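A.B. asks: The structure that follows is given in the form of structure tokens.
Here, each number is a calculation from the coordinates, and none is a lab measurement. Note that the structure is predicted; figures quoted are calculated from it, not measured. Cβ: placed from backbone, ideal geometry, glycine included. Neighbour counts: every protein chain shown.
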Amino acid sequence: MIGNLHARLARISLEFGLSVAVAVAALAIGFIFIAASGASFGEAAEAFVEGGFGTRRNFAGTLSKMVPLVLVALGWIVVFRASRFHVGFQGQILIGGLLVAIVALEVSLPTVVHLPLAILAGVVGGVLWAGIVAWLWAARGVNEILSTLLLNLVAIQVISWVVRGPLQQPETPLPQTSPLQESSRWPDLLVDTSLKLDLLLIPFVVIAIGLLLARTVFGFRVRLVGDNSNAARFAGVSPERTGVYAILLSGALAGLAGSSLLLAGDTPGMTDGFDGGYGFQGIAVALLARNSPWGVIPAALLFATLRQAGGVMEATVGVSSAVVDVTQGIVIVLVLAATSILYFRARATEAPRAPIGRTEQAEAT
Amino acid sequence: MIPFADIGVGPFDTSWLTSTLILTTPILLPAVGELISERAGVLNVGLEGMMLAGAFFSFWAAWATGSLLLGVLAGVAAGLAFGVIMSLLAIEAQADQIVSGVGINIVAIGLTTFLFDEIFGARGLVELDRIGLIEIPGLSSIPELGELLFDHDAVLYFAFLSVPLAAFLLYRTKWGLSIRAAGEFPAAADTAGVSVRRVRWMSVLTASAMAALAGVFLALVTLGIFRQEMTAGRGFLALVAVIFGRWHPVGVLGACLILGGADALQLRLAAREAVSPEVWFVIAALAAGFAVHLVLRRQRERKVAFALSAAVALSGIVLLASSPDIKLPDQLWRALPFLLALIVLAGAVARARMPSDLTLPYRRGEG
């Protein structure tokens, strides 16, 4: 028992160490890019820290960017556990956001009802868009990665049409909707900043998903199906049904992220591309968190800082904020490489154990 | 010989066919490469990123050196560099192939956007001379058909030649046998003395080089410019084409022509004021054909599907007869290739058989 605990602690600290190493390495590579672009290293570093945490307003910006990152990352973790990982968060955010915008623009209600209704609309939109993926996978055997890549591209066109067509703000040439009604927006958490009350979603949803996966029958089924779908089927758990629920749940989380982007966002209305790349960044967050719901919070903080500071750096030092995207891709690549190192280590330590066990057994008999 | 040629300026005329060939090329090149890679057991979702890398680095090198040839070489080299990363992750580290590909896409999008911003951001629109066309002597002077088929650039010819080449490689050579064995039953291939690692490395590198060449085609042949994310999902369409083509070169060519044709159609339709009657005619004909197909094939869900396609055919005919001036949003046409790809996936996958060990890493001694 104590041995088990020791092994577990050793494993957790090893995983944590690897994540930190990956984050440091990715940041280092990011700074090499910044240095290569001709900006002074010291200036860039200063702008980075200032942009991420320096002022009340910048720090609030960092925190508010955590919300969609955490939600998408949790969505990935749910489907990852079920081995049904898809990459459709972008499309689900967009379609969720579309329904949010409709409710926020077309309905007039007091905040107490309007905000929850708008959020619910986002969740419904995410679930509907994920439902196509789930149906294609369960009924037609379509690989969920492929279908989600295509559905993302379709969703981009849908939003592009809506903000230039039916929902376009009248009398402006800009591709955006009218400002969403105040009664549908999240109230301020910190005055004069972009930080809204939706930050409270983070602890609530992290705990909910953490418990759901670790302590409920559904979570157990998800893991069972994810580890070995044949064994699950033999035990009476339908891999199709569980996979579909997992995909729908991840769609709900992505739709929730979409509602936060609109109802707590900086822009008054819905614009083209309001998803801001969160759909893919959330995946990088989850991978850096080694697919642990609790690890998502520090990983999301890192990426939110990158985004916030990247934007500030672009404005002050003149470095393209695309460096953030490079860094995030490098995190994914490095995490994959690091996971294999863990795997090979585990195999290397397991291998010599077998003959030892056999000797013990021989002595016992 | 050429359907609808005599209708004149409709959406389905000879220039539609020409642009179909041109727009098929950037899907066909990565699809043929991906076909080889998937037959060897590696699914490469990073095609889109490799195309983008090919497009940017060829553009950059051609701009910096003034030599188109160096541009092509630089583009392919950039694709190969990403291919090395993909191979290291998927073959050496035995990481999840799909997540590796997603990572490569994100790195490539970020890297090309970053470099483009830094190098060209302040320069306004930079336009390069494009790679010239090669008229094939004799053949290109055939009326109508000559201009359509034999007045293109070297990359396009290579793309269409790569289909028979890939078929020959896969089914007529020892290498092809090794590739197929590595994807179907790597342990057996290993026992027979084939290095599964080497075969998979070569296949992934082939796919990445061909994807990069497709990017070169977009940047240096068709447009002469670079735009961020200019590949616009064509790498994903190539993945669909491999499945739709049932992992066979001829099938992949057919799939790419359909997707390329849809792409050419959407460009022409998005630019038009109203939907012309031919479109309704084609939609009605396709739906009616599908309905007949269902009756002949006796499929399980055929009642619903039959009712649906019959309804589409009927409404198409009604719309054709009344020929109203309906203006559909451009975005619908832009989404057309992707919607078509989704429909194709929903219809085709269930009956197709993929290579048995696709996406599975090969671990020696565990086969």
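A.B. asks: Is the shape of chain A rounded, prolate or oblate, going by the alpha carbon gyration tensor and its root eigenvalues a ≥ b ≥ c, with a/c under 1.5 for rounded and a/b larger than b/c for prolate?
C.D. replies: On the way: a/c = 2.12, a/b = 1.36, b/c = 1.55.
In terms of gyration-tensor shape, oblate.
A.B. asks: Sticking with this structure for a sec: Go ahead and set up a Gaussian network model of chain A, Cα springs under 10 Å, then flag whichever of A:ILE341, A:ILE207, A:ILE102 fluctuates most.
C.D. replies: With Cα springs under 10 Å in chain A, the top fluctuation among A:ILE341, A:ILE207, A:ILE102 is at A:ILE341.
A.B. asks: OK, next. So, with +1 on the Cβ of K and R and -1 on the Cβ of D and E, and no other charges, what is the size of the charge dipole of region A:2-350 about its Cα centre, to the nearest 20 debye? Walk me through the numbers on the way to the answer.
C.D. replies: On the way: 20 positive and 19 negative charges, 283 e Å.
Charge dipole, region A:2-350, about its Cα centre: 1360 debye, nearest 20.
A.B. asks: Could you check the spin-label model distance between A:LEU9 and B:ALA187? Points 7 Å from the Cα along Cα→Cβ, value in nm.
C.D. replies: 4.0
A.B. asks: Alpha carbons only, please: Rg and Dmax for region B:27-118, in angstrom.
C.D. replies: For region B:27-118, the Cα radius of gyration and maximum Cα-Cα distance read 13.6, 41 Å.
A.B. asks: Given 25 °C and 0.890 mPa s, how large is the Stokes-Einstein diffusion coefficient of region B:173-249 in µm²/s, with Rh as the Kirkwood radius over Cα pairs?
C.D. replies: Working: Rh = 14.6 Å.
It diffuses with D of about 168 µm²/s by this estimate.
A.B. asks: With each run of n ≥ 4 DSSP H residues scored as -39500 (n - 2.57), what mean residue ellipticity at 222 nm is computed for chain A after dividing by its residue count and rounding to the nearest 500 deg cm²/dmol? Present the calculation step by step, with values, prior to reporting the outcome.
C.D. replies: On the way: 14 runs with 267 residues, N = 365.
Estimated from H runs of four or more residues: -25000 deg cm²/dmol.
A.B. asks: For A:ASP266 and A:VAL49, what is the calculated FRET efficiency with R₀ set at 22 Å and r taken between the beta-carbons, to the nearest 0.05? List each step's numbers first, then the result.
C.D. replies: Details: r = 22 Å, r/R0 = 0.99.
Calculated transfer efficiency: 0.50.
A.B. asks: Continuing with this model, one more query. Starting at 0 and stepping by 10 Å, how many percent of the alpha carbon pairs of region A:187-226 end up in each bin?
C.D. replies: Pair shares across the bins are 28, 30, 21, 16, 5.
A.B. asks: What average count of beta carbons from other chains do you get within 10 Å of the Cβ of residues in A:178-186? Please list the in-between numbers first.
C.D. replies: Working: counts 0, 0, 0, 0, 0, 0, 0, 0, 0.
Mean number of neighbouring Cβ atoms from other chains: 0.
A.B. asks: To the nearest µm²/s, what D does Stokes-Einstein give for region A:1-66 at 4 °C and 1.567 mPa s, using the Kirkwood radius over alpha carbon pairs as Rh?
C.D. replies: Working: Rh = 14.7 Å.
Estimated via Stokes-Einstein, D reaches 88 µm²/s.
A.B. asks: What FRET efficiency comes out for A:ALA235 versus B:LEU286 if R0 is 41 angstrom and r is the Cβ-Cβ distance? Round to the nearest 0.05. Provide the component values of the computation, followed by the final result.
C.D. replies: Working: r = 45 Å, r/R0 = 1.10.
With a Förster radius of 41 Å, E is 0.35.
A.B. asks: Moving on to the next point. Name all residues of region B:235-262 having a backbone nitrogen under 20 Å from the label point set 7 Å from the Cα of B:THR173 along its Cα→Cβ direction, giving them as ranges.
C.D. replies: It comes to B:247-253, nothing else.
A.B. asks: So what is the orientation-averaged projected area of region A:211-332, using the convex hull of its C-alpha atoms, in nm²? Could the numbers behind the result be given before it?
C.D. replies: Numbers: hull surface 37.4 nm².
Quarter of the Cα hull surface area: 9.4 nm².
A.B. asks: To continue, here is another question. What FRET efficiency would be calculated for the residue pair B:THR65, A:PHE41, taking the C-beta separation as r and a Förster radius of 35 Å, to the nearest 0.05? Mind showing how you got there, number by number?
C.D. replies: On the way: r = 30 Å, r/R0 = 0.85.
It comes to 0.75.
A.B. asks: How long is the gain from B:ARG364 to B:ARG198 if the chain were fully straight, where each residue apart is worth 0.36 nm and the alpha carbon distance is subtracted? Write out the running numbers ahead of the final one.
C.D. replies: Details: separation 166, 0.36 × 166 = 59.76 nm, distance 1.32 nm.
Additional length available on full extension: 58.4 nm.
A.B. asks: Bin by bin, in steps of 10 Å, what percent of the Cα pairs in region A:31-87 do you find, going until the bin that has the longest distance?
C.D. replies: Percent of pairs per bin, in order: 21, 26, 27, 23, 4.
A.B. asks: Related question: Short version: what are the Cα gyration tensor semi-axes of region A:103-209, square root of 5 times each eigenvalue, largest first, in whole Å?
C.D. replies: Numbers: eigenvalues 166, 100, 33 Å².
Each semi-axis is √(5λ); the values are 29, 22, 13 Å.
A.B. asks: Provide Rg and Dmax in Å for region A:106-157, with only Cα atoms included in the calculation.
C.D. replies: Taking only Cα atoms of region A:106-157, I get Rg and Dmax of 15.0, 45 Å.
A.B. asks: Follow-up. Can you compute log10 of I(q)/I(0) for region A:1-119 with the Debye formula, treating each Cα as one identical point scatterer, at q = 0.21 Å⁻¹?
C.D. replies: -1.22
A.B. asks: Which one of A:GLY165, A:LEU342, A:LEU287 is farthest out on the positive end of the charge dipole of chain A, using unit charges on Cβ (Lys, Arg +1; Asp, Glu -1) and the Cα centre as origin?
C.D. replies: Going by the Cα projections, it comes out as A:LEU342.
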